[in-house]
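Peer 1: The structure follows.
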Amino acid sequence: MLTLTCPCCGVKAEESELHGGGEAHLTRFGPGSSEEEFHDYLFARENAKGVHFERWRHVHGCGKWFHAARCTATLQVFGTYSAQTTEPPADLLATIREKRPGWSWRDFS
Amino acid sequence: MKRYSAFAIAREALRQHTGWDRAWRKASPKKKYDVVIVGAGGHGLATAYYLGKNHGIRNVAILEKGWLGGGNTGRNTTIIRSNYLQDPSAAIYEKSRSLYETMSQDLNYNVMFSPRGVIMLAQTEHEVRGYRRTAHANALQGVETQFIGPEKVKELCPIINLDGPRYPVLGGLWQARGGTARHDAVAWGYARACSDMGMDIIQKCEVTGIRSEGGKVRGVSTSQGDIDCDKLGIVVAGHSGVLAKMAGFRLPIESVSLQALVSEPIKPCMDVVVMANTVHGYMSQSDKGEMVIGGGTDGYNNYTQRGSFHHIEETVRALVETFPMVSRLKMLRQWGGIVDVTGDRSPIISKTPLDGCFINCGWGTGGFKAIPGSGWATAEMIARNEPGPLAAAFGLERFREGRFIDESVAAGVAH
Ligand SMILES: Cc1cc2nc3c(=O)[nH]c(=O)nc-3n(C[C@H](O)[C@H](O)[C@H](O)COP(=O)(O)OP(=O)(O)OC[C@H]3O[C@@H](n4cnc5c(N)ncnc54)[C@H](O)[C@@H]3O)c2cc1C
Ligand SMILES: [Zn+2]
């Protein structure tokens, strides 16, 4: 059973009170963008085997969205953080670097 | 290859079974092949088989990181049907279903295809309308299906509870020619036939890199050394994203866990497959007597071939509601597979940005039924460097062009 601590309300939530929202830190493209950009924004996914940044909603709790860093190959959770950001917090990146040397995900490493 | 037959069984019985051959040769990689297929699941093996059988391309290697058929092909619940909504889907799934009918003869391997019939229950007014529409679409596509009322559902499957506490059974979409087959046998049968054509099936050989030169594929790096090839087929289901990354592109795919379970064996009590999409569960009975049960996918990206227990609980709850006798059953085994899900719930059979590299993936929760048709279409694409009529609509460019093949209704529950 996956448990994630909701950074919005502090509750240690188990999976059945959460809802996954897919890959995090997508750059949104709208009208005026190129087809390539719009396609990538809507469809192209990292789907990494390893470190993965993703969105979650504490749907049966405080109802708010947040982000989590998780390993899809081991189900280890590295941490959760606020969704009001465009990149993972520096201390979380440092933790991941220590646990997964040589790791990279999109522009983060 | 020695043929399997009733006579061969009798002969071997008389000599203590000492005369059986290995079903496929043990092979170690050559320096170079015309075509390398990554992934010895059903789709990879079928692709190789039809490359040899339909197109005469036999200098082929199939590379498998684990053991042959150990991915989703050996983990699925074996439902075969072709009652999809959209024309391109109906075409490829119906081709596939029809190839299943003669597969045991073609491969000289008993895949135990059992066209026992599949019912997809309609338990809301929405589903009734949806399945009536599908039945009409199927009639136009030449796929034989029928919308049936609750009495007929009960007649076909007496153990069903029509008046469930939440969702009464209002009818169902019935495909009499759908059914099940033995999943391992499908992989083994294709493997034996491929090996017999001189192809190399190399197990415990993980592809770790894809080598290219000037935008054209050159070969692969593997745990057993470098292997060159003129053409490369990536057929790795849940690991498609990993292989795509090696080839330098991304896919519209997420890999998630899908679980299934089987009960203790019991006497025959159900001779059709029943899927209940609204409550999210489905069930059939295997020849051994086990009830084979599946449900929906887990809710997050996962490569571990494990899933969360509460999904099992939801599935069993749905089935107890639909088949009250399930509440008395003990469950024997439970497992997960990593399925490759696309946004429109339709597969990808496509050329890729890398010249000479082709991909077959995105079958998600429902690709066992598609193995022969998909192999047929993928082999055609690799042989001719262009997708043929069965594969044309399933190209990667459909996402860019907004030309989806929306099967989210047909594939409402994993299957
Ligand atoms: C629980 C469950 C129930 C299902 N029920 C049904 C059903 O009832 N009906 C239905 O039609 N479908 C069903 N499916 C879906 C079906 O199983 C799959 O769509 C189908 O088996 C996919 O076959 P494949 O050959 O593409 O993939 P797989 O059988 O997964 O084969 C891919 C192979 O690629 C190998 N591979 C991966 N990476 C590498 C690498 N780097 N190098 C070398 N090899 C590699 C893997 O080890 C694997 O053996 C179900 C799936 C699951 C998990
Ligand atoms: Zn919360």
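Peer 1: Tell me, which strands (runs of 3 or more DSSP E) lie completely within region B:278-344 with 3 or more residues that are within 14 Å of chain A (Cβ to nearest Cβ)?
Peer 2: The strands (runs of 3 or more DSSP E) meeting that bar are B:290-301, B:331-342.
Peer 1: Could I ask something else about it? Given the conditions (1) modelled with pLDDT of 95 or more; (2) within 14 Å of another protein chain (Cβ to nearest Cβ), and given that A:Ile96 satisfies all but one, which numbered condition is not satisfied?
Peer 2: That leaves (2) as the condition not met.
Peer 1: Being in contact (Cβ under 8 Å) with a residue 40 or more places away in the chain and among the polar types (S, T, N, Q) is the filter here; which residues of region B:309-356 pass it?
Peer 2: B:Thr315, B:Thr322, B:Gln334, B:Thr342, B:Ser346, B:Ser350, B:Thr352
Peer 1: In region B:348-390, what residues are more than 30 Å from B:Gly281 (Cα to Cα), polar (S, T, N, Q) and touching a Pro at 6+ places or on another chain (Cβ under 8 Å)?
Peer 2: Correct list: B:Ser350 only.
Peer 1: Can you name the residue in region B:140-186 that is among the β-branched types (Val, Ile, Thr) and touching a residue at least 40 places away in the same chain (Cβ under 8 Å) and is also surrounded by the fewest Cβ atoms within 10 Å (Cβ to Cβ) among such residues?
Peer 2: Ranking the candidates gives B:Ile159 first.
Peer 1: Of all residues in region B:18-37 being among the hydroxyl-bearing types (Ser, Thr, Tyr) and over 12 Å from B:Cys229 (Cα atoms), which is surrounded by the fewest Cβ atoms within 10 Å (Cβ to Cβ)?
Peer 2: Once the filter is applied, the top-ranked residue is B:Thr18.
Peer 1: Any residue in region B:221-234 that is under 22 Å from the mean Cα position of the chain (by Cα), among the small types (Gly, Ala, Ser) and buried (at least 19 other Cβ atoms within 10 Å of the Cβ)?
Peer 2: Looking for residues that are under 22 Å from the mean Cα position of the chain (by Cα), among the small types (Gly, Ala, Ser) and buried (at least 19 other Cβ atoms within 10 Å of the Cβ), one finds at least one in region B:221-234, hence yes.
Peer 1: Considering only residues that are more than 16 Å from the chain's Cα centre (by Cα), within 13 Å of chain B (Cβ to nearest Cβ) and not hydrophobic (A, V, I, L, M, F, W, C), look in region A:1-16 and name the one that is farthest from ligand 1 (Cβ to nearest atom).
Peer 2: Step by step, filter region A:1-16, then rank; the result is A:Glu14.
Peer 1: Also, quick follow-up: In region B:130-160, what count of residues is obtained for those that are assigned to a helix (DSSP H, G or I) and farther than 17 Å from B:Ala276 by Cβ? Walk me through it before giving the result.
Peer 2: Filtering region B:130-160 down to residues assigned to a helix (DSSP H, G or I) leaves B:130-141, B:150-156.
Narrowing further to those that are farther than 17 Å from B:Ala276 by Cβ: B:132-133, B:135-141, B:151, B:155.
Total meeting the criteria: 11.
Peer 1: So, in region B:367-415, exactly how many residues are at pLDDT 95 or above, surrounded by 23 or more Cβ atoms within 10 Å (Cβ to Cβ) and not hydrophobic (A, V, I, L, M, F, W, C)?
Peer 2: 7
Peer 1: What are the residues in region A:1-38 that are outside any strand (DSSP E or B), within 16 Å of ligand 2 (Cβ to nearest atom) and of a type in the set (D, E, K, R), if any?
Peer 2: A:Glu15, A:Glu17 - these are the residues of region A:1-38 that are outside any strand (DSSP E or B), within 16 Å of ligand 2 (Cβ to nearest atom) and of a type in the set (D, E, K, R).
Peer 1: Filter region A:20-44 for residues that are facing chain B (nearest Cβ under 7 Å) and either over 12 Å from the mean Cα position of the chain (by Cα) or among the β-branched types (Val, Ile, Thr) (or both) and give the result.
Peer 2: If the condition is that a residue be facing chain B (nearest Cβ under 7 Å) and either over 12 Å from the mean Cα position of the chain (by Cα) or among the β-branched types (Val, Ile, Thr) (or both), then A:Glu35, A:His39, A:Phe43, A:Ala44 are the ones that fit.
Peer 1: Taking the condition of being on the phi > 0 side of the Ramachandran plot and touching a strand residue (DSSP E or B) at 6+ places or on another chain (Cβ under 8 Å), how many residues in region B:1-44 meet it?
Peer 2: Residues flagged as on the phi > 0 side of the Ramachandran plot and touching a strand residue (DSSP E or B) at 6+ places or on another chain (Cβ under 8 Å) within region B:1-44 amount to 1.
Peer 1: Spot the failing condition for B:Ile80; the list is (1) more than 8 Å from ligand 1 (Cβ to nearest atom); (2) modelled with pLDDT of 95 or more, and only one is missed.
Peer 2: (1) is the only condition that B:Ile80 fails.
Peer 1: Let me ask something additional. (1) under 23 Å from B:Met199 (Cα atoms); (2) within 14 Å of the chain's Cα centre (by Cα); (3) surrounded by 19 or more Cβ atoms within 10 Å (Cβ to Cβ): which one isn't true of B:Asn76, the others all being true?
Peer 2: All conditions are met except number (1).
Peer 1: If you don't mind, another one. Looking for something touching a Ser or Thr at 6+ places or on another chain (Cβ under 9 Å) and either surrounded by 15 or more Cβ atoms within 10 Å (Cβ to Cβ) or under 22 Å from B:Asp340 (Cα atoms) (or both) - is there at least one such residue anywhere in region A:24-34?
Peer 2: The answer is yes; a qualifying residue exists.
Peer 1: Could you list all residues from region B:89-98 that are surrounded by fewer than 20 Cβ atoms within 10 Å (Cβ to Cβ) and either farther than 30 Å from B:Met1 by Cβ or not small (Gly, Ala, Ser) (or both)? Before the answer, list the steps.
Peer 2: The first filter runs over region B:89-98 and keeps only residues surrounded by fewer than 20 Cβ atoms within 10 Å (Cβ to Cβ), leaving B:95, B:98.
B:Lys95 - this is the single residue of region B:89-98 that is surrounded by fewer than 20 Cβ atoms within 10 Å (Cβ to Cβ) and either farther than 30 Å from B:Met1 by Cβ or not small (Gly, Ala, Ser) (or both).
The values are calculated or read from the model by the stated rules, or taken from the named source; none is laboratory data. Note that the structure is predicted; figures quoted are calculated from it, not measured. So basically every Cβ, Gly included, is an ideal-geometry build from the backbone, and we count neighbours across all protein chains shown.
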